[in-house]
Each structure stands twice: as structure tokens, then as C-alpha cells.
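Engineer: Below you will find the structure I want to go over with you.
The numbers here are math on the coordinates, done by the rules we state, and not lab data. None of these values were measured; they are calculated from a predicted model. As a convention, Cβ positions derive from the backbone with ideal geometry for all residues, glycine included, and neighbour counts pool all protein chains shown.
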């Protein structure tokens with residue numbers, strides 16, 4: 001959607017200059033000031049200036065991921081970076097030159113402007129940079145903190161998904177936050193691998209729906225059509241999710257928008273194997289994977305930490321594109337569990353304690369102040 005405006009606030013720091021360094025960045029809606037995305041990273045030993053430039057690059061990339069056509073106002077408390085990127089000061093230091101060049105390639109120059117702000121107005125980016133450095137001190141990498149959440153008892157399957165319910169007592173959600181954005185999370189229907197409980201991720205054979213899976217997709221479509229609240233459909237690019245989403249979208253008269261960040265985790269060498277087979281062939285790797293979100297499956301390109309980042313970016317893109325709407329998000333076990341976990345503020349290992357049946361429904365509502373509320377979990381009433 002052309003014409004959108006974002007504000008990027010970025011910062012970086014080094015405890016020693018040079019020393020242990022990290023950066024932070026936030027992307028705000030240019031009209032409301034709402035934070036749409038956050039980024040932070042511990043980068044090891046570096047100077048303040050290097051960390052500041054890396055924060056700038058991360059903020060620009062986060063804005064580009066939300067909308068590559070938006071105009072971006074970068075605001076930083078680094079006079080050096082602002083003046084150099086504005087073209088008023090020369091970039092002489094060899095460490096700065098490639099970083100500045102990379103920053104210029106993220107978005108067309110005409111879409112980006114730079115402004116200096118005092119440090120007290122850059123608190124969110126500064127906070128993220130310090131969180132990243134604190135994580136690095138503990139030998140960890142920064143992870144996005146979940147939005148504050150409250151849990152409500154899920155409505156019966158026969159009731160419509162609420163578009164704008166009044167928060168229940170104890171939720172402490174102000175009445176002036178406007179209509180929340182509701183993400184209805186639908187796991188795809190069964191594939192030939194599902195009943196056998198085989199790992200089936202983005203690095204595998206990409207199977208389509210089985211006959212039962214197509215039946216499940218149709219039942220989900222009928223149930224969602226009866227509720228009458230879905231206004232947009234977004235899906236993972238994988239075949240089984242596209243087939244499920246298209247069944248619902250056809251019933252609702254909507255189009256399917258593909259979001260790459262909603263794809264399943266890459267399970268590497270575990271693709272197509274059962275849990276028992278993985279335990280037999282890769283016991284140490286499986287145990288390590290279950291014990292840490294940073295561990296990748298054998299031969300995989302990503303961990304749950306990586307998945308959490310891309311799923312969070314995908315979520316924020318959807319929330320920014322459809323404010324106040326009810327959006328059907330058709331995805332997989334791992335991304336859906338991750339979005340539920342983030343909404344609840346639950347620890348990373350909680351994803352291994354959730355059950356999501358094929359073609360089940362979950363629902364999360366997001367308010368303008370960043371609060372999230374889980375409304376539904378693993379609803380299979382439409383399949384009975």
C-alpha cells in the first residue's frame with residue numbers, strides 16, 4: 001500500500017568503545033506513533049558508531065519488510081550517523097563506509113529522510129540496544145519479548161469469533177484503544193504425512209492435502225463462513241496451506257495473500273521421519289533441540305529462535321496492513337504455536353507443550369497499546 005509513513009528510531013552502544021556492543025531499532029506508524037516492529041542484536045566487540053550504523057540498517061530493513069513503498073523518517077541521537085547519511089559530512093572511517101553503503105541499499109534514497117533527536121526521545125531504541133548487550137553478557141542472543149497478554153476462556157465453537165468485544169473484567173484494557181485486530185490462526189488440513197506424525201517442514205517434499213485434508217478444509221471454510229467475521233486471508237506459501245486457504249477464501253469470496261514468514265520450520269535431515277525415528281538416528285540432536293530454542297534440527301537452516309523472529313515480523317506486517325480487521329492466517333504447527341506463545345508471554349519451551357490438531361482454529365486479538373489476548377486454542381468443533 002503506497003503512501004504509508006514510518007518512523008524508524010535506531011541506536012547502538014558499546015560497553016568499552018570498542019567493547020561488547022549491541023543495537024536496537026523500532027519502527028513506528030508515522031500517523032499514530034504505534035510501534036509496529038522491533039529489532040535488536042548483540043554484535044560482539046565493536047565501537048559505538050558501528051553499533052549505531054547496524055541499528056540503522058536493522059531499522060530500515062524492518063520498515064522495508066512492513067512496506068517497501070513507505071516513506072521513512074529515521075530519527076537517531078547520533079549526530080554523526082544522521083549527518084553522514086544526510087550527505088553533509090564525509091565518511092572517512094573505513095569501518096563506517098561499507099555500513100553506510102549497505103544502509104543506502106535497503107530503500108531508495110528518495111524514500112528516506114534523517115533527523116537528529118535528543119537521547120531522551122530515543123529511549124525505546126536505547127532500551128533494545130541495552131537488552132541486546134545484556135543478553136550478550138549472558139552468552140545469549142536477544143529475543144523479542146512477547147506483548148503483554150491476558151487469557152480468556154474460549155467461546156464455544158458455534159459462536160462467532162468476536163470482532164471487537166469489550167474486554168472482560170480484570171483485563172485492564174482501556175476502552176479507548178479502538179477495535180482490536182483479530183488473527184484467526186488455522187492450521188492446514190491433513191497431508192499423507194500428518195496421520196503418521198512425520199516431520200514435515202519447509203525443507204521437505206511440500207505435500208498437498210490428502211482427501212481427508214480437503215474435507216477438513218471445506219469444513220473449516222463452512223464454519224468460518226457461518227461466523228461471517230473474516231475480512232482477509234493470509235497464508236504460508238507451502239502447498240498444503242495454500243490449498244486450505246483457497247478453500248476458505250473461495251467460500252468467503254476473498255483472495256489469498258501469501259506471507260513467506262508463515263512457512264513451517266525447516267526440519268533438515270528430520271524431514272519425513274517420525275519422532276521415534278529421529279530419536280533413534282539423531283538422539284543427541286533431538287534432545288538438544290527440545291532443550292533450547294537456539295538449536296537447529298540436524299542439517300536444518302533455522303532454529304525456533306529464527307522462526308520466532310520471522311513469525312513475529314509476519315505478524316507485525318499483517319497487523320499493520322489490516323488494523324481493526326479480522327484476518328484468517330493459514331499456517332503450520334510451529335508458527336501458530338509460536339504466535340500463541342508470544343501472545344501469552346510464555347517461555348520458548350512451551351511450544352513443545354501445545355497440541356494443535358490438523359485444521360484446528362486459534363484466535364488472538366491485538367490491541368493498539370500492544371496487549372494481546374488469546375481467544376481460542378485448538379478448536380476442532382467444526383470437524384465433528
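Engineer: How do 367, 53 rank when sorted from fewest to most other Cβ atoms within 10 Å of their own Cβ?
Structural biologist: Numbers: 367 19, 53 29.
If I rank by nearby Cβ atoms, fewest first, I get 367, 53.
Engineer: Given labels modelled 7 Å from the Cα in the Cβ direction, how far is it in nm from residue 349 to residue 279?
Structural biologist: Placing both labels 7 Å along Cα→Cβ, they lie 1.7 nm apart.
Engineer: At a Förster radius of 25 Å, what calculated FRET efficiency corresponds to the Cβ-Cβ distance of residue 123 and residue 17, to the nearest 0.05?
Structural biologist: Details: r = 21 Å, r/R0 = 0.82.
Here the calculated transfer efficiency is 0.75.
Engineer: Could you tell me the relative contact order of the chain? Use alpha-carbon pairs under 8 Å, at least six residues apart, and round to a whole percent.
Structural biologist: RCO, the chain: 19 percent.
Engineer: Work out how much length residue 197 to residue 287 would gain on full extension: take 0.36 nm times their residue separation and subtract the Cα-Cα distance, in nm to one decimal.
Structural biologist: Result: 30.6 nm gained on full extension.
Engineer: Moving on. Return the distance in nm (one decimal) between the two label points of a simple spin-label model at residue 88 and residue 231, each offset 7 Å from Cα along Cα→Cβ.
Structural biologist: Result: 4.2 nm between the two label points.
Engineer: Another one. In the Gaussian network model of the chain, springs joining C-alpha atoms below 10 Å, which of 238, 133, 354 carries the largest mean-square fluctuation?
Structural biologist: 354
Engineer: Could you tell me, in Å, what Rg and Dmax come out for the Cα atoms of region 264-343?
Structural biologist: Final numbers for Rg and Dmax: 14.8, 48 Å.
Engineer: Using only DSSP helix segments of four residues or longer, with each worth -39500 (n - 2.57), what per-residue ellipticity at 222 nm results for the chain after dividing by its residue count and rounding to 500? Walk me through the numbers on the way to the answer.
Structural biologist: Values: 10 runs with 129 residues, N = 384.
Helices in the chain give a 222 nm mean residue ellipticity of -10500 deg cm²/dmol.
Engineer: If you don't mind, another one. Taking 0.36 nm per residue of separation and subtracting the Cα-Cα distance, what length does fully extending residue 137 through residue 179 add? All intermediate terms of the calculation are to be shown ahead of the outcome.
Structural biologist: Working: separation 42, 0.36 × 42 = 15.12 nm, distance 4.05 nm.
Additional length available on full extension: 11.1 nm.
Engineer: Tilt of helix 211-227 relative to the longest C-alpha principal axis of the chain, in degrees (0 to 90, nearest 10)?
Structural biologist: Long axis of 211-227 versus the principal axis of the chain: about 80 degrees.
Engineer: Using bins 5 angstrom wide from zero, how does P(r) for region 10-56 break down, in % of all Cα pairs?
Structural biologist: Histogram of Cα-Cα distances, whole percents per bin: 6, 27, 25, 15, 11, 8, 6, 1.
Engineer: Still on this structure, please answer the following. Using only alpha-carbon positions, what ratio does the radius of gyration of the chain give when scaled by 2.2 N^0.38 Å?
Structural biologist: Values: Rg = 21.9 Å, N = 384, 2.2 N^0.38 = 21.1 Å.
Ratio of Cα Rg to 2.2 N^0.38 Å: 1.04.
Engineer: Separate question: Mind giving me the FRET efficiency for residue 113 and residue 255? R0 is 35 Å, r the Cβ-Cβ distance, nearest 0.05 is fine.
Structural biologist: 0.55
Engineer: OK, next. If you take the alpha carbon radius of gyration of region 22-125 and divide it by 2.2 N^0.38 Å, what ratio comes out, to two decimals? Walk me through the intermediate numbers first.
Structural biologist: Numbers: Rg = 12.9 Å, N = 104, 2.2 N^0.38 = 12.8 Å.
In units of the 2.2 N^0.38 Å rule of thumb, it is 1.00.
Engineer: Also: Students often check this: by mean Cβ neighbours within 10 Å, which of 23-30, 117-124 ranks highest, and how do the rest follow?
Structural biologist: Working: 23-30: 24.9, 117-124: 13.2.
Per-residue Cβ counts within 10 Å, averaged per peptide and sorted highest first, yield 23-30, 117-124.
Engineer: Next question. Given Cα pairs under 8 Å that are at least 6 residues apart, what percent is the relative contact order of region 5-137?
Structural biologist: Numbers: 310 pairs, mean separation 45.8, N = 133.
With pairs under 8 Å counted, the relative contact order is 34 percent.
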